[in-house]
Amino acid sequence: MHQPEEGNLAEIKFATYNVHEFKMIYNISSMEQIAEYFSDNKVNTVCLQEVPADCTEADLKQMFTNMPFVITTGGRDKHFQLAILSKYPLDSISTISFPERPNCALFADITVNKEKVRIANFHLQTTNWNQVKGTFMSPEDSRQSWTDALGVISSNFRFRGKQVDSLRRILDRSPYPLIVSGDFNNTPVSYGYKTIKGDLKDAYREAGNGYGYTYRYFMKLFRIDFVLYSDAKLKAKNYRTGDIDFSDHLPILVDIAMD
């Protein structure tokens, strides 16, 4: 059994995790281990990214038994899904998609202590580094290959910029306090992060410590997964990343209290 991370009591024991299709080495499913990890840490609301297209809400409910309320974006056209799971009922559900990024965002409201909180789960456009990295590492000096690879990355930066502008306008219309989380595929110095963050608080900056990387590769340099929140009603009490290796990302766990 996984050892729980240290944490404080809070109304919302929140987590976000890019689960990498629930695939471990040799494509063995990690769903049971991830569910056990969140149960051990008493997580009661979680946002998941890269849920497999064929994974149903019933599958998630069966495994994550302490969070019986589950919504997904649906695996349209075999694309990865987003999912929100909670012990609190979920309502006002909406999915945001773009042509280049189906299942880009998933929104739902929870009610805690008779107060509504809007949960936003984002998975922004990737740089497609995995698609092009072979070009940069190739000993062959092909100017066209490099140009094509840089074009892919540049296009995806533009796509992501349009996505965050649209999502920022949606966030601005929220009548309730926000918890915005997910895989932004952006660092804290990026336009995407700064646009999404706006006046929201970054849970890592408010309650974390250490370097705080969330992507396990590239020398553990990148924090590209985030939990942001409205500070008028919410307060991050404890932030940590999970010491598990079921994905190329680390899970973020945050205890969030309500004023």
- prompt: What do you reckon, is Lys13 within 18 Å of Leu253 (Cα to Cα), within 16 Å of the chain's Cα centre (by Cα) and of a type in the set (D, E, K, R)?
  reply: yes
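Kindly evaluate Ser97 against the criterion of being free of Cβ contacts under 8 Å to residues at least 40 places away in the same chain, of a type in the set (Gly, Ala, Ser), in contact with a strand residue (DSSP E or B) (Cβ under 8 Å, 6 or more places away or on another chain) and on the phi > 0 side of the Ramachandran plot.
no
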Long-range neighbours under 6 Å by Cβ, at least six apart or interchain, first residue over 12 Å from Ala83 (Cβ atoms) and at pLDDT 95 or above within the stretch 34-59, second aromatic (Phe, Trp, Tyr) and part of a helix (DSSP H, G or I): none
Output for the stretch 77-99, where each listed residue is in a loop (DSSP other than H, G, I, E, B) and either at pLDDT 95 or above or more than 18 Å from the chain's Cα centre (by Cα) (or both): Lys87, Tyr88, Pro89, Leu90, Pro99
field: Whichever residue in the stretch 173-204 is within 23 Å of Ala257 (Cβ to Cβ) and over 17 Å from the mean Cα position of the chain (by Cα) and, among such residues, is surrounded by the most Cβ atoms within 10 Å (Cβ to Cβ)
entry: Pro177
statement: Among (1) assigned to a strand (DSSP E or B); (2) modelled with pLDDT of 95 or more; (3) buried (at least 18 other Cβ atoms within 10 Å of the Cβ), Cys104 falls short only on (2)
message: Just checking, does the stretch 67-76 include any residue being surrounded by 14 or more Cβ atoms within 10 Å (Cβ to Cβ), more than 21 Å from Ser247 (Cα to Cα), out of contact with any Lys or Arg (no Cβ under 8 Å at 6 or more places or on another chain) and at pLDDT 95 or above?
response: yes
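Quick one: would you say Arg205 is among the basic types (Lys, Arg) and farther than 23 Å from Phe38 by Cβ? Full working, then the answer.
Numbers: among the basic types (Lys, Arg): yes; farther than 23 Å from Phe38 by Cβ: yes.
Criteria met by Arg205.
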field: In the stretch 225-249, residue nearest to Asn44 (Cα to Cα) [restricted to those that are part of a loop (DSSP other than H, G, I, E, B), without any contact (Cβ under 8 Å) to a residue 60 or more places away in the chain and not charged (D, E, K, R)]
entry: Ser230
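The values are calculated or read from the model by the stated rules, or taken from the named source; none is laboratory data. None of the values given here were measured: they were computed from a predicted structure. All Cβ positions, even for glycine, are placed from backbone atoms using ideal geometry, and neighbour counts span all protein chains on display.
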